[in-house]
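Beneath this line is the structure, given in structure tokens, with notes to follow.
The values are calculated or read from the model by the stated rules, or taken from the named source; none is laboratory data. As the structure is a prediction and not an experimental result, all values here were calculated from the model. With ideal geometry, Cβ positions are generated from the backbone for all residues, glycine too; neighbour counts draw on all protein chains shown. With ligands, DNA and RNA removed, areas are computed over all heavy atoms of the protein, side chains included. Shrake-Rupley method; radii C 1.70, N 1.55, O 1.52, S 1.80 Å.
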Amino acid sequence: MTGLLSLVFSVLILCSSGRQDDADLSQALSEIDSKSSTIKTLHASFRQVKHSDILRRPLVSSGSVRMSRDRVRWDTRTPAASVLVASKDDVRIYYPDLSVLEVYALGDQLSQLAGSPVFRLARIQRFFKIESDLRASVRGLIQLELTPRTDELKKHLNSIRLGVHEETGIVREVVMFNADDEKTEMFFDDVRTNLPIATDELEIVVPEDVRVVRPLGGAENPGDSDQEVGP
């Protein structure tokens, strides 16, 4: 599964236990959530850096991301081209050099993490615990530490660190530690919000002879063999 799939986990939870510190955190996150709720579309560039013991040096990739409502599209340009489209239903990844389309039906918990640099707390509040000292960096970013609550998520993740822009509620940095202790970093720049995005911009169009595979299993969809493939 491509490293870009780590971005479907760029999400957040509101966690309260009644202590004053938790009340402060709850209030701060509610304010961030309110700001992000005004964002209907997003364009940005991204740079991803993957660290692993099996790699001689970090693997760096870059490209662009577009989001509208509950659908997000990641276009990786370097070092190899790929397109990832995530929605509430599934995640689809197209590798043009291999002529392969991967389809991931992620289930109830993971499907709600088909996210982007814009998140909404209410959708995923059952799945993560969050901690933060609420101190903003010189770039205006608040660092949030997320740990998964459910066994299903713990199979994939140890923790996530988010750098959320305090004024806009947009995630600008992500550091993810997966279950194998690999680290993936993501940085977003050139962020533009609420610009028009046509529906077909967030679809994947593939050749007729593309091979459709389902690494996590699941039934084939009739539309998978069509030329235009979208969630």
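Picking from Arg139, Arg149, Arg211, which residue would you name as being over 20 Å from the mean Cα position of the chain (by Cα), basic (Lys, Arg) and farther than 18 Å from Ser36 by Cβ?
Of the residues listed, the single one that is over 20 Å from the mean Cα position of the chain (by Cα), basic (Lys, Arg) and farther than 18 Å from Ser36 by Cβ is Arg211.
Please find, within segment 70-89, the residue that is modelled with the highest pLDDT out of those that are within 15 Å of Ala44 (Cα to Cα) and open to solvent by 40 Å² or more (accessible area, probe 1.4 Å).
Selected residue: Arg77.
Take the residues in segment 17-42 that are in contact with a Gly (Cβ under 7 Å, 6 or more places away or on another chain) and of a type in the set (D, E, K, R), then tell me which one is modelled with the highest pLDDT.
Ranking the qualifying residues of segment 17-42, first place goes to Lys35.
Which one is surrounded by the fewest Cβ atoms within 10 Å (Cβ to Cβ), of the residues in segment 27-60 that are touching a strand residue (DSSP E or B) at 6+ places or on another chain (Cβ under 6 Å) and in a loop (DSSP other than H, G, I, E, B)?
Applying the filter and picking the extreme gives Pro58.
When segment 137-156 is examined, which residues are found to be surrounded by 14 or more Cβ atoms within 10 Å (Cβ to Cβ) and either outside any strand (DSSP E or B) or in contact with an Asp or Glu (Cβ under 9 Å, 6 or more places away or on another chain) (or both)?
Once the filter is applied, which keeps residues that are surrounded by 14 or more Cβ atoms within 10 Å (Cβ to Cβ) and either outside any strand (DSSP E or B) or in contact with an Asp or Glu (Cβ under 9 Å, 6 or more places away or on another chain) (or both), segment 137-156 yields Leu141, Ile142, Gln143, Leu144, Glu145, Leu146, Thr147, Arg149, Glu152, Leu153, His156.
Taking the conditions exactly as written (open to solvent by less than 20 Å² (accessible area, probe 1.4 Å) and either assigned to a loop (DSSP other than H, G, I, E, B) or in contact with a Gly (Cβ under 9 Å, 6 or more places away or on another chain) (or both)), does Arg92 satisfy them or not?
Here the answer is yes, as Arg92 does meet what is asked.
Out of (1) more than 16 Å from Phe46 (Cβ to Cβ); (2) modelled with pLDDT under 90; (3) of a type in the set (Ser, Thr, Tyr), the odd one out for Ser116 is which?
(1)
Filter segment 202-231 down to residues that are open to solvent by 60 Å² or more (accessible area, probe 1.4 Å) and modelled with pLDDT of 90 or more, then give me how many there are.
4
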